[in-house]
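The values are calculated or read from the model by the stated rules, or taken from the named source; none is laboratory data. Just so it is clear, the model here is predicted, and its values are computed rather than measured. Reconstructed Cβ throughout: ideal geometry from the backbone, glycine too, with neighbour counts over all protein chains shown. Side chains included, ligands, DNA and RNA excluded: accessible areas come from the protein's heavy atoms. Shrake-Rupley method; radii C 1.70, N 1.55, O 1.52, S 1.80 Å.
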Amino acid sequence: MGYDPANPMQDRITDIGPPHYEQFFPAVIKKNFGKWLYHEITQPGVLMHKAESGDECWTVRVGAARLISIDHIREICDIADAHCDGFVRWTTRNNVEFMVDSKAKVQPLLDDLASRGNKFPVGATGASVSNIVHTQGWVHCHTPATDASGVVKAVMDELFDYFTSMTLPAQVRVALACCLNMCGAVHASDIAILGVHRKPPMIDHDAISGLCELPLAISACPLGAVKPIKATNSAGQEVKSVKVNADRCMFCGNCYTMCPAMPLADPEGDGIAILVGGKVSNSRSMPKFSKLVIPFLPNNTPRWPETVAAVKNILEVYAKDARKYERIGEWAERIGWEKFFEKTGIPFTIKSIDDYRLAYDTWRTSTQFKFTSHIK
Amino acid sequence: MPKHDTPLLDELEKGPWPSFVTDIKRQAATKPECWDILGQVELSYKDRITHWKHGGIVGVFGYGGGIVGRYSDVPKQFPGVAHFHTVRIAQPSGMYYSAAKLRAICDLWQKYGSGMTNMHGSTGDMVLLGTTTPNLEPLFYELTHDLNQDLGGSGSNLRTPACCLGKSRCEWACYDSQALCHFLTNHYQDEIHRPAFPYKFKFKFSACPNDCVAAIARSDFAVIGTWRDDIRINQAEVKAYIDGKTPSNGGAHSGRDWGKFDIKKEVIDLCPTGCMWMEGDTLKIDNKECTRCMHCINVMPRALRPGAEQGATICVGAKAPILDGAQFATMTFPFVKIDAETEFEEVVEKIEKIWDWWMEVGKNRERVGETIQRVGLPTFLKVMEVEPIPQHVREPRSNPYVFWSDEEVEGGFERDIREFRKRHAQ
Ligand code: HEM
Ligand code: HEM
Ligand code: HEM
Ligand code: HEM
Ligand code: SF4
Ligand code: SF4
Ligand code: SF4
Ligand code: SF4
């Protein structure tokens with residue numbers, strides 16, 4: 001029996017959770033579960049995992065847009081059927097992994113992938129730029145300050161050679177979030193591309209009473225910039241509404257989240273900030289937050305040339321200057337942030353000096369610094 | 001639905017990286033509403049602003065999460081996306097799939113949705129992007145009945161947990177991250193589907209300190225694999241690295257000539273605790289000094305392996321910057337056994353203790369990390385009945401503003417000012 005609209009609760013099944021993962025394991029994974037000895041990246045995008053049993057699992061990692069069609073997924077299924085006994089997996093960075101159980105099966109798989117145009121770029125291993133993790137942008141969300149998929153496409157086109165090779169000092173993780181909510185948690189990435197608003201919200205006095213609970217809108221503001229007022233709507237009636245103290249506003253959009261009558265998006269006001277130097281692994285140094293080095297770049301559609309150039313510049317200066325194994329944040333700390341700005345040629349602005357909560361932690365309280373061109 | 005002119009988006013069909021624009025156009029052949037996706041996004045590219053309205057409360061009966069409502073603000077122009085709700089489907093642990101399962105999901109979405117997806121959403125769910133309110137119940141029926149799949153979480157509830165691929169293919173996994181993730185996802189279905197928390201709560205499971213799912217940066221409850229005995233060394237393999245027979249870092253740096261492998265420069269000198277040295281051809285590690293950063297193991301995977309006494313460190317309270325600033329999760333439980341035999345009872349007990357407390361004292365829209373900030377780590381540790389240890393801090397506090405309590409001070413806080421004045425004139 002199918003779904004019966006007259007009887008929606010009939011035979012209802014709920015709370016079954018995801019299916020057990022084991023049924024989706026390729027045979028070589030199932031057999032050697034928990035018994036892996038070591039791995040080696042034999043060429044960019046190809047990993048060999050060796051098990052205690054002597055078995056080998058060969059993985060081919062390919063990039064993908066995160067926004068993909070079911071036809072594309074079906075094509076991935078065809079490849080999995082043809083080469084991998086019908087199994088496939090995704091990585092947390094939106095890459096697709098095809099696994100086979102012998103070296104001999106790798107080349108035919110690579111040939112098949114290559115025969116399908118540019119849909120399946122092989123790479124994202126080792127000292128490379130892996131795929132960009134990102135959020136929705138103009139394709140689905142209501143609060144973005146920039147697009148996601150388009151910026152990612154433009155940046156990845158430019159960094160493509162770093163995706164398919166392993167020439168960097170260490171892996172470089174790039175992430176994008178389209179507003180300060182940072183659904184993608186970009187705050188610990190080597191390079192973070194972040195959508196930012198720069199104009200305070202407008203207040204729609206006509207709509208506010210219907211759409212919003214004013215106390216929630218007021219308490220939503222972390223800086224107390226939203227205050228209750230009596231306003232006049234376009235019909236000339238007096239309504240309870242709010243105003244925003246623009247001097248206090250940090251353009252976080254939290255009020256808009258709570259109250260749709262307070263939109264702040266704007267073609268000129270919105271754009272991108274660049275943060276660098278975050279990491280999450282514990283390798284060598286502890287996890288680090290990304291730091292804001294470029295406060296604003298415009299939303300220059302469709303290819304965001306300023307953002308693409310800024311990301312590439314940071315990546316290439318780092319690639320030339322850092323030591324083997326050093327992540328971007330470790331490199332910047334070793335040379336000092338003043339040197340980071342000097343070497344990358346990024347103008348240091350007052351916007352990179354923290355004046356939010358806990359700001360003092362980032363001010364320099366020492367006589368140790370380097371004499372860079374910043375000191376006249 | 002007619003095709004729209006998309007001169008701006010067409011520019012994104014150029015270049016070597018896979019193009020989502022080309023992909024959406026291909027899908028439009030059988031799902032014409034995809035033309036309206038392109039049409040509306042093109043308009044956003046022109047106006048440089050989103051054309052989606054602030055959500056809407058939609059869902060399936062009995063669930064408070066799993067569907068994100070979305071409406072177009074230009075529905076007349078693009079009726080195919082007038083309603084464009086998202087369906088979050090809980091992914092299997094480790095994101096392994098069979099082609100058969102994926103095809104069934106594709107067929108379902110061919111029938112009930114736009115044909116576009118996110119593989120995967122940032123939380124980890126499969127995200128089916130764009131459907132209408134009337135389609136939700138039939139979709140959910142077939143999803144649960146025919147596909148044996150369920151929705152993920154959204155809103156102020158437990159979000160769909162996610163893990164690294166762990167023991168299935170990684171030699172460094174110190175516990176079975178997939179088993180724990182799967183168990184807890186099923187154990188807490190109610191918490192995932194019916195919001196009862198002050199705000200969202202996320203579990204993430206990485207099976208070693210490399211933390212491939214970024215648990216420490218983005219989960220309220222981060223379980224990160226570790227070990228407490230000695231790094232296992234294979235000296236013959238160490239020698240093979242020194243002699244240049246095995247590429248360092250599993251070949252991760254083979255695209256550039258970094259010169260001959262130098263164990264001193266690349267491993268010993270980069271060890272953050274300086275606890276490694278060579279004695280002739282033998283690599284020595286003072287394991288009591290090791291902080292298990294993984295660097296040496298990453299560089300010489302054939303020679304070094306995590307120790308055999310394995311478990312996990314649990315860190316609590318990460319969040320993105322909104323609103324008070326970003327927080328990493330704070331190390332709370334240094335070493336926990338992750339034991340499937342006992343149904344992970346040590347982990348479950350800790351989770352529930354945190355929830356009981358947070359649901360009582362957490363303010364609306366306050367992540368647990370912010371609650372801990374507000375009351376202080378000492379209070380949180382007391383609530384959790386965790387003995388304070390130096391490992392809980394990077395360094396001791398540098399101010400003396402200690403909150404002593406009445407019971408802690410000899411004689412207590414109650415004193416008699418008259419008594420005092422007899423000895424100390426005003
Ligand atoms: C056997 C398989 C894997 C190996 C050998 C491996 C190895 C590593 C290593 C060595 C690091 C970096 C440590 C450092 O900073 O030096 C790392 C980090 C990372 N890995 Fe993996 N990994 C594996 C699987 C995965 C998978 C399956 C994913 C995602 C699905 C993943 C995602 C990540 C991410 C996101 C980081 C970055 C952490 C950061 O930003 O610092 N890894 N991995
Ligand atoms: C006030 C804070 C936040 C608000 C109001 C908010 C709101 C939203 C909205 C409206 C969406 C839906 C996007 C769409 O599909 O149209 C979304 C998606 C999402 N959010 Fe948030 N968010 C907030 C903070 C965060 C944070 C801090 C995280 C993670 C640390 C997060 C993780 C996610 C994830 C994983 C998604 C799934 C969408 C994707 O993968 O692109 N959110 N959020
Ligand atoms: C027209 C009214 C509203 C609509 C259509 C709406 C819709 C949404 C949607 C779709 C999300 C994303 C959920 C997700 O990430 O899964 C969201 C996020 C959120 N909304 Fe609203 N919302 C509305 C008003 C409000 C109000 C009045 C509140 C507060 C009482 C509120 C509280 C939140 C919170 C806390 C989030 C944060 C993101 C999360 O934790 O998932 N929303 N809203
Ligand atoms: C609330 C915090 C503090 C208060 C109320 C305070 C108060 C005082 C007072 C009243 C004196 C004068 C003592 C005397 O000679 O009669 C003094 C001396 C001094 N204070 Fe503080 N102080 C505070 C914090 C600090 C801090 C944080 C530092 C250093 C980092 C500091 C460094 C000194 C020094 C060096 C002297 C001179 C001591 C000497 O005579 O050798 N004080 N403080
Ligand atoms: S980061 Fe902001 S704009 Fe982007 S999906 Fe999340 S809430 Fe929406
Ligand atoms: S955008 Fe943020 S800071 Fe500005 S008024 Fe709204 S809530 Fe307050
Ligand atoms: S977190 Fe550790 S155990 Fe898990 S996949 Fe990454 S390297 Fe392997
Ligand atoms: S794991 Fe890190 S701290 Fe421990 S010995 Fe290796 S490099 Fe040193």
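Considering segment A:6-20, and only residues there that are in contact with a helix residue (DSSP H, G or I) (Cβ under 9 Å, 6 or more places away or on another chain) and more than 7 Å from chain B (Cβ to nearest Cβ), the residue that is modelled with the lowest pLDDT turns out to be A:Asp11. In segment A:173-195, the qualifying residues are those that are in contact with an Asp or Glu (Cβ under 8 Å, 6 or more places away or on another chain) and within 12 Å of chain B (Cβ to nearest Cβ), and the one that is farthest from A:Thr135 (Cα to Cα) is A:Arg173.
Selection of segment B:295-325 for residues being under 23 Å from the mean Cα position of the chain (by Cα), more than 16 Å from ligand 6 (Cβ to nearest atom) and surrounded by fewer than 21 Cβ atoms within 10 Å (Cβ to Cβ) yields B:Gln310, B:Gly311.
Screening A:Ala148, A:Ala188, A:Ala192 for residues that are more than 16 Å from ligand 1 (Cβ to nearest atom) and within 30 Å of A:Gly126 (Cβ to Cβ) leaves exactly one candidate, A:Ala148. Checking each residue in segment B:161-189 for being outside any helix (DSSP H, G or I), at the interface with another protein chain (Cβ under 9 Å from one of its Cβ atoms) and farther than 17 Å from A:Ile16 by Cα picks out B:Cys164, B:Leu165, B:Arg169, B:Cys170, B:Glu171, B:Trp172, B:Ala173, B:Asp176. Screening B:Asn210 on (1) at the interface with another protein chain (Cβ under 8 Å from one of its Cβ atoms); (2) within 16 Å of ligand 2 (Cβ to nearest atom) shows it passes everything except condition (2).
Screening the candidates A:Ile29, A:Ile41, A:Ile73 for the property of being within 30 Å of A:Gly150 (Cβ to Cβ) and not aromatic (Phe, Trp, Tyr) yields one hit, A:Ile73. For segment A:21-54, filtered to residues that are hydrophobic (A, V, I, L, M, F, W, C) and facing chain B (nearest Cβ under 7 Å), the residue that is farthest from B:Cys296 (Cα to Cα) is A:Phe24. Looking for whichever is of a type in the set (A, V, I, L, M), closer than 30 Å to A:Ser165 by Cα and in contact with a helix residue (DSSP H, G or I) (Cβ under 9 Å, 6 or more places away or on another chain) here; the options are B:Ala179, B:Ala217. Which one fits? Answer to the check: B:Ala217. Counting only strands (runs of 3 or more DSSP E) wholly contained in segment A:3-96, no element carries 3 or more residues that are out of contact with any Cys (no Cβ under 9 Å at 6 or more places or on another chain) and of a type in the set (Lys, Arg). Within segment B:1-54, being basic (Lys, Arg) and modelled with pLDDT of 95 or more holds for B:Lys14, B:Lys25, B:Arg26, B:Lys31, B:Lys46, B:Arg48. Residues of segment B:133-153 that are surrounded by 15 or more Cβ atoms within 10 Å (Cβ to Cβ) and part of a loop (DSSP other than H, G, I, E, B): B:Leu147, B:Asn148, B:Gln149, B:Asp150, B:Gly152, B:Gly153. If you go through segment B:327-345 and keep only what is in a loop (DSSP other than H, G, I, E, B) and either touching a strand residue (DSSP E or B) at 6+ places or on another chain (Cβ under 6 Å) or touching a residue at least 24 places away in the same chain (Cβ under 8 Å) (or both), you end up with B:Phe328, B:Ala329, B:Lys337, B:Ile338, B:Glu343, B:Phe344. The residues of segment B:326-365 that are open to solvent by 20 Å² or more (accessible area, probe 1.4 Å) and within 14 Å of chain A (Cβ to nearest Cβ), listed by number, are B:Ala326, B:Gln327, B:Phe328, B:Thr330, B:Met331, B:Pro334, B:Ile338, B:Ala340, B:Lys363, B:Asn364, B:Arg365. What residue, of B:Pro138, B:Pro75, B:Pro92, is more than 16 Å from ligand 5 (Cβ to nearest atom), over 23 Å from A:Gln23 (Cβ atoms), facing another protein chain (nearest Cβ under 7 Å) and at pLDDT 95 or above? Just one listed residue meets the conditions, B:Pro138. Residues in segment A:137-154 that are part of a loop (DSSP other than H, G, I, E, B) and more than 8 Å from chain B (Cβ to nearest Cβ): A:Ala145, A:Thr146, A:Ala148. Counting only residues that are among the hydrophobic types (A, V, I, L, M, F, W, C), under 18 Å from the mean Cα position of the chain (by Cα) and open to solvent by less than 40 Å² (accessible area, probe 1.4 Å), segment A:181-234 holds 9 of them.
Examine segment B:265-274 for a residue that is crowded, with 24+ Cβ neighbours inside 10 Å, closer than 30 Å to B:Gln373 by Cβ, more than 7 Å from chain A (Cβ to nearest Cβ) and within 16 Å of ligand 1 (Cβ to nearest atom), and state whether such a residue exists. Checked segment B:265-274: no residue is crowded, with 24+ Cβ neighbours inside 10 Å, closer than 30 Å to B:Gln373 by Cβ, more than 7 Å from chain A (Cβ to nearest Cβ) and within 16 Å of ligand 1 (Cβ to nearest atom).
Within segment B:362-391, the set of residues being more than 15 Å from B:Asp220 (Cα to Cα), basic (Lys, Arg) and in contact with a strand residue (DSSP E or B) (Cβ under 7 Å, 6 or more places away or on another chain) is empty. Looking at B:Arg232, B:Arg218, which one is more than 16 Å from ligand 6 (Cβ to nearest atom) and modelled with pLDDT under 95? Going through B:Arg232, B:Arg218 in turn, the sole match is B:Arg218. Whether a residue is more than 9 Å from chain A (Cβ to nearest Cβ), farther than 19 Å from B:Ala340 by Cα and within 16 Å of ligand 1 (Cβ to nearest atom) was assessed, and B:Tyr241 passes this test. Every listed requirement among (1) part of a loop (DSSP other than H, G, I, E, B); (2) not assigned by TED's automatic domain parsing to the domain that holds B:Lys202 is met by B:Ile297 save one, (1). For segment A:196-213, taking the residues that are more than 13 Å from ligand 6 (Cβ to nearest atom), in contact with a strand residue (DSSP E or B) (Cβ under 6 Å, 6 or more places away or on another chain) and not β-branched (Val, Ile, Thr), the one that is nearest to A:Lys153 (Cα to Cα) is identified as A:His205.
Taken over segment B:39-58, the criterion of being more than 7 Å from chain A (Cβ to nearest Cβ) and touching a Gly at 6+ places or on another chain (Cβ under 7 Å) is satisfied by B:Gly56, B:Ile57, B:Val58. Please verify whether B:Thr144 is more than 9 Å from chain A (Cβ to nearest Cβ), away from ligand 2 (no atom under 12 Å from the Cβ) and farther than 30 Å from B:Glu366 by Cα, treating the condition exactly as stated. For B:Thr144, the condition - more than 9 Å from chain A (Cβ to nearest Cβ), away from ligand 2 (no atom under 12 Å from the Cβ) and farther than 30 Å from B:Glu366 by Cα - is not met. When the criteria are applied in full, A:Val100 fails the requirement of being aliphatic (A, V, I, L, M), open to solvent by less than 20 Å² (accessible area, probe 1.4 Å) and within 22 Å of the chain's Cα centre (by Cα).
Is it true that some residue in segment B:190-206 is within 16 Å of ligand 1 (Cβ to nearest atom), open to solvent by less than 10 Å² (accessible area, probe 1.4 Å) and within 7 Å of chain A (Cβ to nearest Cβ)? Scanning segment B:190-206, I find no residue that is within 16 Å of ligand 1 (Cβ to nearest atom), open to solvent by less than 10 Å² (accessible area, probe 1.4 Å) and within 7 Å of chain A (Cβ to nearest Cβ), so the answer is no. Looking across segment A:155-197, the residues that are at pLDDT 95 or above and part of a helix (DSSP H, G or I) come down to A:Val155, A:Met156, A:Asp157, A:Glu158, A:Leu159, A:Phe160, A:Asp161, A:Tyr162, A:Phe163.
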